[in-house]
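Read-outs: derived from the displayed coordinates by stated rules, not from any lab. A quick note: this is a predicted structure, and the numbers were derived from the prediction, not measured. All Cβ positions, glycine included, derive from the backbone under ideal geometry; neighbour counts span all protein chains shown.
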Amino acid sequence: MTVYVNAKGEMFFGKEKVDLATLEQKLSGVSKHQTVILQSDKESKFQDFVSVMDILKRLGHEQLYIVTKE
């Protein structure tokens with residue numbers, strides 16, 4: 001499963017554009033054993049990245065890869 005944050009602060013769950021509340025709802029339905037790939041643009045805001053990380057931590061997701069696009 002891939003979560004992507006772009007330079008405009010837009011978030012995507014797979015290919016679907018979502019807001020933070022929807023992202024949390026969708027991630028709550030993903031198995032905690034499934035790996036989540038968090039991708040972000042090099043120019044994305046750190047706070048947007050942290051917001052996604054907070055959701056993942058709150059939901060107990062520990063299988064995580066972090067990828068930064070240049």
| note | Neighbours of residue 23 by Cβ distance under 12 Å: Lys/Arg at +1, Asp/Glu at -1, summed charge -3
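First select every other residue whose beta carbon is under 12 angstrom from the beta carbon of residue 45; then total the charges, Lys and Arg +1, Asp and Glu -1. Provide the component values of the computation, followed by the final result.
Numbers: positive: 8, 42; negative: 10, 41, 43, 48.
Net local charge, residue 45 excluded: -2.
Please state the shape class of the chain: rounded when a/c is under 1.5, otherwise prolate if a/b exceeds b/c and oblate if not, all from the C-alpha gyration tensor.
Details: a/c = 1.68, a/b = 1.43, b/c = 1.17.
Judged from the Cα gyration tensor, the chain comes out prolate (a/c at least 1.5, a/b above b/c).
Using 1/(1 + (r/R0)^6) with R0 = 30 angstrom and r between the beta carbons of residue 42 and residue 22, what's the FRET efficiency to the nearest 0.05? Don't skip to the end; give the middle numbers.
Numbers: r = 25 Å, r/R0 = 0.83.
Calculated transfer efficiency: 0.75.
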| task | Quick one: which residues, 5 or more positions from residue 9 or on another chain, have an amide H under 5 Å from its amide H? H modelled 1.01 Å from N in the peptide plane, none for Pro or chain starts. | result | 45
| field | Amide proton proximity set for residue 39, modelled H, under 5 Å, gap of 5+ | value | 3, 4, 5, 67
| remark: Under the Karplus relation with 6.51, -1.76 and 1.60 and θ = phi - 60°, whole-Hz ³J(HN,Hα) for the stretch 61-69, x at Gly and Pro, equal 7, 10, 7, 9, 10, 10, 10, 10, 8
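Can you tell me what share of the DSSP beta bridges in the chain is antiparallel? A percent to the nearest 5 is fine.
DSSP beta bridges in the chain are roughly 40 percent antiparallel.
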| message | At R0 = 22 Å, how high is the FRET efficiency between residue 64 and residue 10 if r is their beta carbon distance? Nearest 0.05 is fine. | response | 0.60
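Helix-only mean residue ellipticity at 222 nm, the chain, DSSP H runs n ≥ 4 weighted -39,500 (n - 2.57), per residue, nearest 500. What is it? Intermediate values should be presented prior to the final figure.
Numbers: 2 runs with 22 residues, N = 70.
Mean residue ellipticity, 222 nm, calculated: -9500 deg cm²/dmol.
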| Per-residue HN-Hα couplings for the stretch 41-56, Karplus 6.51 cos²θ - 1.76 cosθ + 1.60 at θ = phi - 60°, whole Hz, x for Gly and Pro? | 5, 4, 8, 5, 6, 4, 4, 4, 4, 5, 4, 5, 4, 4, 4, 4
